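Notes follow once the structure below has been shown.
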Amino acid sequence: MSSDFEGYEQDFSVLTAEITNRIGKVPKLLGDEKKQMVSNVEKQLEEARELLEQMELEVREIPPQSRGMYSSRMRSYKQEMEKLEADFKRSRIAYSDEVRNELLGDDGNSSEIQRAHLLDNTERLERSSRRLEAGYQIAVETEQIGQDILENLSNDREKIQRARERLRETDANLGKSSRILTGMLRR
């Protein structure tokens, strides 16, 4: 099972390297080449999302005691994916600004400030989303730990009840033995 996960990891790292390379090329290309590159990157990002989903399914199949290591690796891969998507979004914004400027003949000076504000707000939203997701993950992990503890407590309770019952039986047997010995001593 972990070999499947490692295979997906390898595919994911190769794919993200290609995506990073292509994202860097987007602003330098012109016309149809740029459109084609944007389309290719979108397809590769979708492919990377699917790989992440496959990896998540593999992690769910791993026994809970060794799942922690894989879960932390998944979190870093998700963060890497979010960074790639943000970088792609920025390169697309630059691309769409260039197309708009070509069509309108606008130099874009007035929109630079607005664009910077929008990028800042987008980054804040993404950070907040990541924090919320991390909080949700912690809640899920805490719930799982709580369920495990409750199960252990239930097992311990059963053991204690069985021991108490055996103690009662032993006490009753000791009482009978004491009465028999007392009767024997009187005779």
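The values are calculated or read from the model by the stated rules, or taken from the named source; none is laboratory data. Owing to the predicted nature of the structure, the values given are computational and were not obtained by experimental measurement. When we count neighbours, we look across all protein chains shown, and the Cβ atoms used for this are built from the backbone with ideal geometry, even at glycine. When the accessible area is computed, the model is the full protein with side chains, heavy atoms only, and any ligands, DNA or RNA have been set aside. Shrake-Rupley method; radii C 1.70, N 1.55, O 1.52, S 1.80 Å.
Descriptive notes on the structure:
- Filtering the range 81-137 to residues that are open to solvent by less than 80 Å² (accessible area, probe 1.4 Å), among the charged types (D, E, K, R) and at pLDDT 85 or above leaves E82, E85, D87, E123, E126.
- Some residue of the range 149-165 being assigned to a helix (DSSP H, G or I), under 30 Å from S76 (Cα atoms) and at pLDDT 90 or above: yes
- The set of residues in the range 34-44 being open to solvent by 80 Å² or more (accessible area, probe 1.4 Å) and either touching a helix residue (DSSP H, G or I) at 6+ places or on another chain (Cβ under 9 Å) or basic (K, R) (or both) consists of K35, K43.
- Among the residues of the range 45-66, those identified as farther than 18 Å from G7 by Cβ and either touching a helix residue (DSSP H, G or I) at 6+ places or on another chain (Cβ under 8 Å) or of a type in the set (D, E) (or both) are L45, E46, P64.
- Contacts under 8 angstrom Cβ, first residue in the range 37-58 being free of Cβ contacts under 8 Å to residues at least 24 places away in the same chain, partner open to solvent by 60 Å² or more (accessible area, probe 1.4 Å), 6 or more apart: M37/R22; M37/K25; N40/R22
- Lone unmet requirement of (1) exposed (fewer than 15 other Cβ atoms within 10 Å of the Cβ); (2) at negative phi for E9: (1)
- Index of the failed condition, T142 passing every other in (1) open to solvent by less than 80 Å² (accessible area, probe 1.4 Å); (2) out of contact with any helix residue (DSSP H, G or I) (no Cβ under 9 Å at 6 or more places or on another chain); (3) closer than 29 Å to E82 by Cβ; (4) not acidic (D, E): (1)
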